[in-house]
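The values are calculated or read from the model by the stated rules, or taken from the named source; none is laboratory data. In this text the structure is predicted, and so the values were computed from the model without any measurement. For neighbour counting, all protein chains shown are included, and Cβ atoms are generated from backbone atoms with ideal geometry for every residue, glycine included. Note: areas computed on protein heavy atoms with side chains; ligands, DNA, RNA excluded. Shrake-Rupley method; radii C 1.70, N 1.55, O 1.52, S 1.80 Å.
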Amino acid sequence: MSLTNVLFVLLLSGFTLAQDDGNANETLSCDPDRGDLLREFGAMRETFGAMETRLKESETQILELKNKERTNVTFSAATGGGGNYIGPFNTDITLIYRTVITNIGGAYSPFTGVFFAPVPGVYYFTIFFHAGLTYGTNLLLYKNNQLMLATRDHGSSSDTADNGGNAVFLQLKQGDQVYVVMTENSYVWGTDHHTTFSGFLVTEM
């Protein structure tokens with residue numbers, strides 16, 4: 001019950017209700033002063049009603065502002081490399097995507113190749129590569145130390161070039177790390193456009 005209705009009920013409680021011979025119709029018996037007071041309260045009720053409407057509109061605006069203030073996390077980066085192969089190496093390495101295309105929220109580091117989750121939630125990640133010929137490619141996406149997905153291309157003397165990729169939704173806690181490992185004896189084509197690592201926050205939890 002609204003504030004205006006509560007006040008109206010309290011005021012009416014000061015009046016007596018009379019009934020005629022079992023009639024369901026009720027009439028208010030009141031003195032002239034109370035009649036004037038009732039009319040004044042009617043005007044007050046309209047004023048309070050308008051105030052309540054404005055208060056609800058303000059609450060709606062505040063909620064919309066809070067929604068706009070939710071954390072926005074989006075990144076996309078490429079390996080760079082000037083049009084040369086990155087690898088092969090004799091050990092597994094964390095593949096560093098040095099060319100930042102987008103990094104809203106600053107959660108991805110182009111110096112380490114690691115994404116740090118700034119807030120708990122569900123995130124979406126993709127990895128794509130361009131490579132081919134002798135050595136093949138094997139890329140692994142990790143959440144902390146846990147393998148989450150892989151994409152690979154086997155080496156071939158007859159294949160000239162290949163593209164591959166994969167994608168995954170991950171539920172992360174604040175501070176969780178996501179990164180890509182390129183395994184030993186594999187390589188990717190390094191440019192600002194071909195081999196990429198991207199992700200964004202889908203929903204906070």
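Taken over the stretch 152-175, residues that are within 18 Å of Tyr97 (Cβ to Cβ), modelled with pLDDT of 95 or more and not hydrophobic (A, V, I, L, M, F, W, C) amount to 2.
Residues are listed down the side, and each one gets a yes or a no for (1) modelled with pLDDT of 75 or more; (2) more than 18 Å from Leu141 (Cα to Cα); (3) surrounded by fewer than 14 Cβ atoms within 10 Å (Cβ to Cβ); (4) in contact with a Gly (Cβ under 9 Å, 6 or more places away or on another chain):
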| residue | (1), (2), (3), (4) |
| --- | --- |
| Met51 | yes, yes, yes, no |
| Arg54 | yes, yes, yes, no |
| Gln61 | no, yes, yes, no |
| Leu65 | no, yes, yes, no |
| Lys68 | no, yes, yes, no |
| Thr74 | yes, no, no, yes |
| Gly83 | yes, yes, yes, yes |
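Selection of first residues in the stretch 186-205 that are modelled with pLDDT under 95 and of second residues that are open to solvent by 70 Å² or more (accessible area, probe 1.4 Å), restricted to Cβ pairs under 6 Å at least 6 apart or on distinct chains, gives the following pairs, ordered by first then second residue: Ser186/Tyr135; Tyr187/Tyr85; Tyr187/Tyr135; Gly190/Asn84.
Identification of strands (runs of 3 or more DSSP E) wholly contained in the stretch 138-205 with 2 or more residues that are aliphatic (A, V, I, L, M) yields 146-154, 162-172, 177-182, 196-204.
Does the stretch 115-122 include one or more residues that are open to solvent by 70 Å² or more (accessible area, probe 1.4 Å) and touching a residue at least 12 places away in the same chain (Cβ under 8 Å)? Among the residues of the stretch 115-122, at least one is open to solvent by 70 Å² or more (accessible area, probe 1.4 Å) and touching a residue at least 12 places away in the same chain (Cβ under 8 Å), which makes the answer yes.
Condition first: open to solvent by 60 Å² or more (accessible area, probe 1.4 Å) and not in a strand (DSSP E or B). Now tell me which residues in the stretch 123-137 satisfy that. Hits for the stretch 123-137 are Leu133, Thr134, Tyr135.
For the stretch 142-152, does any single residue satisfy the condition of being over 22 Å from the mean Cα position of the chain (by Cα) and charged (D, E, K, R)? Yes, some residue in the stretch 142-152 is over 22 Å from the mean Cα position of the chain (by Cα) and charged (D, E, K, R). None of Pro88, Pro118, Pro110 is in a loop (DSSP other than H, G, I, E, B) and under 17 Å from Thr151 (Cβ atoms) except Pro88.
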